Amino acid sequence: MNQAELHSNVTGAIALRARDIVKSFGSQRILDGVSLDIERGKVVCILGPSGSGKSTLLRCLNWLAPPDAGEVWIGDERVGVKEGPQSKPVPRSGREIRAQRSRIGMVFQSFNLWPHMNVIENVMEGLISVKGMARLDASDIAAEALRKVGLAGKHTAVPASLSGGQQQRVGIARMLAMAPEVILFDEPTSALDPELVGEVLAVMRGLAAAQTTMIVVTHEVAFARDVADLVVFMDGGKIVEMGSPSQVIDQPSSARLRQFLQRFN
Ligand code: ADP
Ligand code: MG
């Protein structure tokens, strides 16, 4: 195998790659050189105090907040820019960026379902409006996604009649229906009553067991310990520690992480 083949094999295993991401808002540097690789089929959990830049990092990864510096790659494609003349990066068109973004699914703390649409219509919406799919095909895919999150019996329910946990599961089904290559979860259980957290984590455990590539920002340390292949601890816009759950959660090496974890014991 020559060097180029070796390289393409190595990068082929990486679903999403961030290199030296820098992002400021005004004079405040929110991300200060963050690098992270996520391999296909793996789960990365990101822990960190409020304000450490976790949401901003996810928004940089899918270009909702384009970084000021650094690179993001989905597979072999650089997000946001491409090689131009003289090998200089040039911005991609809005259409190309939307196409890249559709390869990354995102689930937020707030579910943002359409209140006037029933459950299956909520899940079909993106398939029809973004992917241009026929209603019949969209409803087949939506039904399958709802089955995966345990809501096969709720197609015609309206969001307001569902619990928060069920609404978040619809949110997950809506994202799964779009068949992204990587899924970003931004504190998906933080808005839920404690008794509803478990059903959403159970769906996420199922996705992880099915080799779904996921980056999960969460305060659920027990979930991270069980499910993550890689745990990342962020503080002050930097990755402070990164490693296996047993390294990072059970044997933290920095005082900042030890202090952060104490809150969850
Ligand atoms: P986390 O998700 O870890 O709680 P965030 O990424 O949401 O942290 O925010 C990190 C910092 O960036 C916070 O101080 C926040 O106020 C600031 N910030 C985030 N988004 C914006 C924005 N759009 N404009 C200005 N400041 C922002
Ligand atoms: Mg956040």
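The values are calculated or read from the model by the stated rules, or taken from the named source; none is laboratory data. On a predicted model such as this, the values are computed, not experimentally measured, just so you know. Reconstructed Cβ throughout: ideal geometry from the backbone, glycine too, with neighbour counts over all protein chains shown.
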Top-ranked residue of segment 49-108 - restricted to ones that are in contact with a strand residue (DSSP E or B) (Cβ under 6 Å, 6 or more places away or on another chain) and of a type in the set (Gly, Ala, Ser), ranked as nearest to ILE30 (Cα to Cα): GLY53
Taking segment 211-229 only, how many residues are under 18 Å from PHE260 (Cα atoms), hydrophobic (A, V, I, L, M, F, W, C) and within 15 Å of ligand 2 (Cβ to nearest atom)? 2
Out of all the residues in segment 196-233, which are within 22 Å of SER110 (Cα to Cα), in contact (Cβ under 8 Å) with a residue 60 or more places away in the chain and of a type in the set (A, V, I, L, M)? ALA208, MET214, ILE215, VAL216, VAL217, VAL221, ALA224
Which of (1) within 16 Å of ligand 1 (Cβ to nearest atom); (2) more than 24 Å from GLN247 (Cα to Cα); (3) not basic (Lys, Arg) is the odd one out, the single condition ASP235 does not satisfy? (2)
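Working only within segment 139-195, note down all residues that are part of a loop (DSSP other than H, G, I, E, B) and either touching a residue at least 60 places away in the same chain (Cβ under 8 Å) or within 16 Å of ligand 1 (Cβ to nearest atom) (or both).
Applying the first criterion (part of a loop (DSSP other than H, G, I, E, B)) to segment 139-195 yields 149-151, 155-158, 162-163, 178-181, 187-193.
The answer is MET178, PRO180, GLU181, GLU187, PRO188, THR189, SER190, ALA191.
Where in segment 28-106 are there strands (runs of 3 or more DSSP E), lying fully within it, with 1 or more residues that are within 16 Å of ligand 1 (Cβ to nearest atom)? Full working, then the answer.
Details: elements: 28-39, 43-47, 69-74, 81-83, 89-91.
Qualifying strands (runs of 3 or more DSSP E): 28-39, 43-47, 69-74.
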Given the conditions (1) modelled with pLDDT under 95; (2) assigned to a helix (DSSP H, G or I), report the number of the one that GLY198 does not fulfil. (1)
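To keep it simple, each residue is scored yes or no on (1) small (Gly, Ala, Ser); (2) over 12 Å from ALA18 (Cα atoms).
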| residue | (1), (2) |
| --- | --- |
| ARG40 | no, yes |
| CYS45 | no, yes |
| LYS54 | no, yes |
| LEU57 | no, no |
| TRP63 | no, no |
| ASP68 | no, yes |
| ILE74 | no, no |
| VAL81 | no, yes |
| GLY84 | yes, yes |
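When the residues of segment 38-74 are filtered to those that are on the phi > 0 side of the Ramachandran plot and surrounded by fewer than 16 Cβ atoms within 10 Å (Cβ to Cβ), which remaining residue is farthest from ligand 2 (Cβ to nearest atom)?
As a first pass, look at segment 38-74 and keep what is on the phi > 0 side of the Ramachandran plot: 41, 48, 51, 53, 63, 70.
Retained after the next criterion (residues that are surrounded by fewer than 16 Cβ atoms within 10 Å (Cβ to Cβ)): 41, 51.
Details: GLY41: 25, GLY51: 8 Å.
Out of the qualifying residues, it is GLY41.
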When both residues are 6+ apart or on different chains and their Cβ atoms are under 8 Å apart, which pairs have a first residue that lies in segment 34-51 and is farther than 17 Å from MET204 by Cα, and a second that is aromatic (Phe, Trp, Tyr) and within 16 Å of ligand 2 (Cβ to nearest atom)? GLY48/PHE233; GLY48/PHE260; PRO49/PHE260
